[in-house]
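The values are calculated or read from the model by the stated rules, or taken from the named source; none is laboratory data. A quick note: this is a predicted structure, and the numbers were derived from the prediction, not measured. Using ideal geometry, Cβ is built from the backbone for each residue, glycine included, and neighbour counts are taken over all protein chains shown.
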Amino acid sequence: MSIKIKEWISRMPEYIPGKTIEEIKEQYNLDRVYKLASNENLYGPHPGVLEEICKNLDDIKYYPDSECREIRQKLAEKYNVDRDTIIMGNGTDQIIEMICDSFIGPGEGVVIADPTFLIYEKSVVKYGGAAVKVPLKDFRQDVEMLIGSINDKTKILFLTNPHNPTGTNINRREFDYVIENINKDVLLVVDEAYWEYVPERERINTIEYLSGCSNLMILRTFSKIFGLAGLRIGYGIADRSIISALNKVRIPFNVNSIAQKAAAAALDNESCINEIRENIDKERNRFYDILNKNGIGFIKSYANFILINTGKNSDEIVEELLKNGFIVRPGENLGIPGYIRVTIALPEINEKFLSVFIKIFNNLYKKEKV
Ligand SMILES: *Cc1c(COP(=O)(O)O)cnc(C)c1O
């Protein structure tokens, strides 16, 4: 007799994480490896954040504040919303799980784009539900089809803006279409993990919609532009009735004390993210220029990563990049075969990456100029 594992676990899609720097150093005998596979901000957090972390190390003998009062208060002031409309998670990943735990039962479902961030489907399946998947159209979320795919079993519509893995956006007209056409008994979750990377004039201020939409939930994170991916802290904002349900399923002490302090310090030093956004913007243009010059296709991005069309030799390109110390995300793992997803890093790393990549690409496709 063997132990019986729950039936749904076999239906759960598997998240394939990017390879680690140590793994690749060892495998290819390299001194220097650049990880461009998980959309981290390689500028890292503001020095004030690191200082605050060090100052609070002594407190790790205590459990953290289970209610995350300080950081929630800061976020409430920043967005001019009530503190009771904010929940913190061990990364927004954990909030996505709490949402599915609170709203999805067996036989119920969600509507998502295909492909999209894998955690939505993983969480839905975990609570006995299923995902209706709507193919992307020109690498963008098709809001009409997404709304049209909602049925009487649908509890949640997940949107990602900017989208991952494509970097494309949902524009204001599309967002308004969703708000106007979604049933009030379907929760609209807008995952804005890369929101701060969008140029200010093109951002949708979704927070402003909250007062008129009791079924809207916004997710943001300290993992991306704030450079705190390793500490695991993100947040959700929604009507207090939704937040209070999530708080009931939330495990106590879900966000550690260092993460809470670091996030608070990150908000105190928030102006530095403008510079990061501008730098990434410039670097993204460098990618566009060089890829264009070499006739290599790519998807225009609103985030700090870019999908590059690597064609039929994609596997080989990924392998050659690894040998040269660059970890990128193969599109095969993201539902977009024939592409790679590359994090836009610091200027000197981007320059190195592009020169190595172009050489590999041209060699493989025998386009090298003489
Ligand atoms: C990175 C990312 C997140 C954030 O994950 P955390 O758990 O907060 O680190 C959420 N959604 C998308 C689409 C992402 O790419």
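With the structure loaded, tell me whether ASN254 is closer than 18 Å to ASP142 by Cα, touching a residue at least 40 places away in the same chain (Cβ under 8 Å) and not aliphatic (A, V, I, L, M) or whether it fails that test.
Working: closer than 18 Å to ASP142 by Cα: no; touching a residue at least 40 places away in the same chain (Cβ under 8 Å): yes; not aliphatic (A, V, I, L, M): yes.
Against the criterion (closer than 18 Å to ASP142 by Cα, touching a residue at least 40 places away in the same chain (Cβ under 8 Å) and not aliphatic (A, V, I, L, M)), ASN254 does not qualify.
Quick check on my filter: what residues within the stretch 105-133 are more than 16 Å from the ligand (Cβ to nearest atom) and either surrounded by fewer than 23 Cβ atoms within 10 Å (Cβ to Cβ) or over 30 Å from ASN247 (Cβ atoms) (or both)?
Scanning the stretch 105-133 gives GLY105, PRO106, GLY107, GLU108, GLY109, VAL125, TYR127, GLY128, ALA130, VAL132.
Sort out for me the helices (runs of 4 or more DSSP H) sitting completely within the stretch 170-269 that have 3 or more residues that are closer than 25 Å to ASN304 by Cβ. Full working, then the answer.
Values: elements: 172-181, 240-249, 257-268.
Helices (runs of 4 or more DSSP H) meeting the threshold: 172-181, 257-268.
Can ASN350 be described as surrounded by 14 or more Cβ atoms within 10 Å (Cβ to Cβ), out of contact with any strand residue (DSSP E or B) (no Cβ under 8 Å at 6 or more places or on another chain) and either more than 30 Å from ASN56 (Cβ to Cβ) or of a type in the set (D, E, K, R) (or both)? Spell out how you get there, then give the answer.
Working: surrounded by 14 or more Cβ atoms within 10 Å (Cβ to Cβ): yes; out of contact with any strand residue (DSSP E or B) (no Cβ under 8 Å at 6 or more places or on another chain): yes; either more than 30 Å from ASN56 (Cβ to Cβ) or of a type in the set (D, E, K, R) (or both): yes.
Considered against the rule, which asks whether it is surrounded by 14 or more Cβ atoms within 10 Å (Cβ to Cβ), out of contact with any strand residue (DSSP E or B) (no Cβ under 8 Å at 6 or more places or on another chain) and either more than 30 Å from ASN56 (Cβ to Cβ) or of a type in the set (D, E, K, R) (or both), ASN350 comes out as yes.
Residues are listed down the side, and each one gets a yes or a no for (1) over 26 Å from the mean Cα position of the chain (by Cα); (2) more than 16 Å from the ligand (Cβ to nearest atom); (3) surrounded by 14 or more Cβ atoms within 10 Å (Cβ to Cβ); (4) modelled with pLDDT under 95:
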site: MET1; (1), (2), (3), (4): yes, yes, no, yes
site: GLU14; (1), (2), (3), (4): no, yes, no, yes
site: ILE21; (1), (2), (3), (4): no, yes, yes, yes
site: TYR34; (1), (2), (3), (4): no, yes, yes, no
site: ASN41; (1), (2), (3), (4): no, no, yes, no
site: PRO47; (1), (2), (3), (4): no, yes, no, no
site: LYS55; (1), (2), (3), (4): yes, yes, no, no
site: PRO64; (1), (2), (3), (4): no, yes, yes, no
site: LEU75; (1), (2), (3), (4): no, no, yes, no
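Is there any pair with a first residue in the stretch 80-92 that is free of Cβ contacts under 8 Å to residues at least 60 places away in the same chain and a second that is part of a helix (DSSP H, G or I) and buried (at least 18 other Cβ atoms within 10 Å of the Cβ) whose Cβ atoms are under 6 Å apart and which are 6 or more apart or on different chains, and what are they?
Here the result reads ARG83/ARG72, each pair linking the stretch 80-92 to a residue that is part of a helix (DSSP H, G or I) and buried (at least 18 other Cβ atoms within 10 Å of the Cβ).
If I go through the stretch 153-177 residue by residue, how many of them are under 19 Å from TYR120 (Cα atoms) and of a type outside the set (S, T, N, Q)?
The first filter runs over the stretch 153-177 and keeps only residues under 19 Å from TYR120 (Cα atoms), leaving 153-170.
Now drop any that are not of a type outside the set (S, T, N, Q), which leaves 153, 155-159, 162-163, 165, 167, 170.
Adding up the residues that qualify gives 11.
Each row is one residue, and each column tells you yes or no for (1) in a loop (DSSP other than H, G, I, E, B); (2) on the phi > 0 side of the Ramachandran plot; (3) in contact (Cβ under 8 Å) with a residue 12 or more places away in the chain.
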position	(1), (2), (3)
PRO13	yes, no, yes
GLU22	no, no, no
LEU30	yes, no, yes
SER38	yes, no, yes
ASP59	no, no, yes
LEU75	no, no, yes
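Can you confirm whether the stretch 204-220 contains a residue that is within 16 Å of the ligand (Cβ to nearest atom), over 26 Å from GLY44 (Cβ atoms) and of a type in the set (S, T, N, Q)?
There is at least one residue in the stretch 204-220 that is within 16 Å of the ligand (Cβ to nearest atom), over 26 Å from GLY44 (Cβ atoms) and of a type in the set (S, T, N, Q).
Could you pull out the residue among ILE218, ILE179, ILE243 that is more than 17 Å from ASP142 (Cβ to Cβ) and in contact with a Phe, Trp or Tyr (Cβ under 9 Å, 6 or more places away or on another chain)? It would help to see each step written out before you state the result.
Values: ILE179 fails: more than 17 Å from ASP142 (Cβ to Cβ); ILE243 fails: in contact with a Phe, Trp or Tyr (Cβ under 9 Å, 6 or more places away or on another chain).
It is ILE218.
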